[in-house]
Amino acid sequence: MQYCLQCGHKAEVKIPATDNMPRLVCPSCQYIHYENPKIICGSLAVFEDKVLLCRRAIEPQYGLWTIPAGFMENGETIAEGAARESFEEADAVVINPSLYCIFDIPDIGQIYIIYLADLKDGAFGIGSESLDSALFSEDEIPWDTIAFEAVKRTLQCYFEDRKHCQTLSDFPVHQDMIGKDQSIKRY
């Protein structure tokens, strides 16, 4: 972005007097534009011994598999956003959501927040942002075509935790960072 959102004047990158980070600042009206991390919310929807994955019909990562997830919208909670994304991408209703994985990805300014949830009645379909949706057991996961590192790590956590947990409410919360040494793709 090169122009002020308030007055349209050409803006410049500098460190404001009240700050310690470079920001886009308007020399005309002094408006400071802050860019903050984006929150990705999603659900790892489970039915019986399988998890719901969607094959992406949009870039980035067109044609690769992911869990239903996307950008949180203004006016919704994280859990509401995760449920909305599940419905939009896989025509799936998730119930009993429980916070499960949080991944900080500072290199691209994203935070993934994933809920573990039951897939209501095992029902799902194909949403407008998906080419396909399917339930996968652990040995059926298409590991080589998982779209995002945060999704791969969420799946790995789930299949490891499942060995020790009886119900979804027994699962721990995982928090980690995905850094520069990882293959990071923007959502």
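Considering Asp139, Asp121, Asp107, the condition of being among the charged types (D, E, K, R), modelled with pLDDT under 95 and surrounded by fewer than 14 Cβ atoms within 10 Å (Cβ to Cβ) is satisfied by Asp107 alone.
If the condition is being out of contact with any helix residue (DSSP H, G or I) (no Cβ under 8 Å at 6 or more places or on another chain), farther than 30 Å from Leu5 by Cα and buried (at least 18 other Cβ atoms within 10 Å of the Cβ), then the stretch 56-81 contributes Arg56, Gln61. Of the strands (runs of 3 or more DSSP E) lying entirely inside the stretch 7-53, those containing at least 1 residues that are under 20 Å from Ser130 (Cα atoms) are 38-47.
Taking the stretch 142-162 as the range and being among the charged types (D, E, K, R) and either buried (at least 19 other Cβ atoms within 10 Å of the Cβ) or modelled with pLDDT under 95 (or both) as the test, only Arg153 passes. When the stretch 72-107 is filtered for residues that are assigned to a loop (DSSP other than H, G, I, E, B) and β-branched (Val, Ile, Thr), the ones remaining, listed by number, are Thr77, Val93.
Report whether or not Leu116 is assigned by TED's automatic domain parsing to the domain that holds Glu48, under 25 Å from Asp91 (Cβ atoms), over 18 Å from the mean Cα position of the chain (by Cα) and not charged (D, E, K, R). No: the conditions fail for Leu116. Here the condition is being touching a residue at least 12 places away in the same chain (Cβ under 8 Å) and over 13 Å from Ile40 (Cα atoms); of Ala82, Ala69, Ala150, Ala90, it holds for Ala90 alone. Inspect all residues belonging to the stretch 158-177 and state whether any of them is part of a helix (DSSP H, G or I), farther than 20 Å from Ala79 by Cβ and touching a helix residue (DSSP H, G or I) at 6+ places or on another chain (Cβ under 9 Å). Checked against the condition, which is being part of a helix (DSSP H, G or I), farther than 20 Å from Ala79 by Cβ and touching a helix residue (DSSP H, G or I) at 6+ places or on another chain (Cβ under 9 Å), the stretch 158-177 yields at least one hit.
If you take the residues in the stretch 166-187 that are of a type outside the set (Asp, Glu) and modelled with pLDDT of 95 or more, which one is nearest to Gly63 (Cα to Cα)? Across the stretch 166-187, the extreme among qualifying residues is Ile178.
The values are calculated or read from the model by the stated rules, or taken from the named source; none is laboratory data. Just so we're clear, the structure is a prediction, and the values are computed from it rather than from any experiment. Ideal geometry is used to build each Cβ from the backbone, glycine not excepted, and the neighbour counts take in all protein chains shown.
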